[in-house]
Every structure is written in structure tokens, then in C-alpha cells.
1. Only one of these conditions is not met by Glu55: (1) part of a helix (DSSP H, G or I); (2) outside the structural domain of Phe39 (by TED's automatic domain parsing); (3) under 22 Å from Lys34 (Cβ atoms). Which number is it?
2. Taking the conditions exactly as written (in a loop (DSSP other than H, G, I, E, B) and in the same structural domain as Ala133 (by TED's automatic domain parsing)), does Pro61 satisfy them or not?
3. Identify all residues within region 108-138 that are outside any helix (DSSP H, G or I) and in contact with a Pro (Cβ under 8 Å, 6 or more places away or on another chain); write none if there are none.
4. Can you name every residue in region 50-82 that is among the β-branched types (Val, Ile, Thr) and modelled with pLDDT of 90 or more?
5. Any idea which residue in region 110-137 is surrounded by the most Cβ atoms within 10 Å (Cβ to Cβ), counting only those that are among the polar types (S, T, N, Q) and more than 12 Å from Cys96 (Cβ to Cβ)?
Amino acid sequence: MLNLMMGYKLYILILILTIGGYFIFTNTTETTYKCPENFATNEEYVSDVARFISEYTKANPNATEEDLIVERDRLFIENNCIDQYLENRENYPDWCPISNQEINATLDYLSVIEYEEAMNILEDLSDKGCNDAVDKIVSEILRASEPTNNPD
């Protein structure tokens, strides 16, 4: 099964490099962002990414590939797409939070659920080999829980 989370970044790069120029000149209408999980087929997802590239580059003609990726990540987080991956982990056996935004969103998600469920998610991420993400999340949890030495 193609991991849609990892795949969307790859598709963005491929589409930019191969057909991005064509989409700059295509008339499109305003779209709303959909989480990768909300597409029935991979083809629909690729089409949506292409439409996003077209609209984003029209609105931001000096945007770089990195700008595009950051914007897609921002929309992914803003639309709570991360919740789908964390609440349905069995459907995404290969998904790991990679970007800082995904890791921070995972941390935010963990902070509002029960302790036992948060530990289960961290264990699952660790078992899947998401060691970098787990290390960053645990480090942030430890940093946030350290007492401050305020001389009052």
C-alpha cells in the first residue's frame, strides 16, 4: 500500500519538475484542501496536488519548491489530517511524522489524549522505526516538564 503521507511530498516534487510549468498557465478555480486520506484513489490525489501547485504558483510566482512543501505541510496540519493517521494507525503501518510541523502536531495531539493512549502511540511509532520523531517528541516532553528556576 502506497503510504499517502510520504507519497504526497514525492508527488509534489515530481509534478513540479515534470509538469509544473503547464499548470501555471491553466485556469483553475479556488479549491479547498483535503487530507490525503479523503481521496478515493491515488489518481484523484495526484490531480489535487497538481491543482494545488497550479493555484499556489499563480498566487505566488516567486515561490520555491520548499515554499510549496511548507504550505502543503501547513495545510495538512491546519486541517487536522494528522489526527486521521494517529487515530487509525492500523491503516497506516508505514506512516511516521517527518517534518517539524508533523512532529509538533503529533506532540499537540498527544497532549490532549489520555496518558495510556499517548504511550501506545509512542510505542507504535517506535516499533515502526520512527525513532527520530519519537526522540524529538520525548525530548520536547521532557524539556516542557523540567522545572524552571525562577527566583521569586
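1. Going through (1) part of a helix (DSSP H, G or I); (2) outside the structural domain of Phe39 (by TED's automatic domain parsing); (3) under 22 Å from Lys34 (Cβ atoms) one by one, Glu55 breaks only (2).
2. Values: in a loop (DSSP other than H, G, I, E, B): yes; in the same structural domain as Ala133 (by TED's automatic domain parsing): no.
No: the conditions fail for Pro61.
3. Going through region 108-138, the residues outside any helix (DSSP H, G or I) turn out to be 112-114, 128-130.
Of everything in region 108-138, those that are outside any helix (DSSP H, G or I) and in contact with a Pro (Cβ under 8 Å, 6 or more places away or on another chain) turn out to be Lys128, Cys130.
4. Narrowing region 50-82 to residues among the β-branched types (Val, Ile, Thr): 53, 57, 64, 69-70, 77, 82.
Those that are among the β-branched types (Val, Ile, Thr) and modelled with pLDDT of 90 or more: Ile53, Thr57, Thr64.
5. Taking region 110-137 first, the residues among the polar types (S, T, N, Q) are 111, 120, 126, 131.
Now drop any that are not more than 12 Å from Cys96 (Cβ to Cβ), which leaves 111, 120.
Values: Ser111: 10, Asn120: 13.
Looking at residues that are among the polar types (S, T, N, Q) and more than 12 Å from Cys96 (Cβ to Cβ), I get Asn120.
The values are calculated or read from the model by the stated rules, or taken from the named source; none is laboratory data. Note that the coordinates shown come from a computational prediction; the quantities given were computed from them, not determined experimentally. Methodologically, a virtual Cβ is constructed for each residue, glycine included, from the backbone with ideal geometry; neighbour enumeration extends over all protein chains shown.
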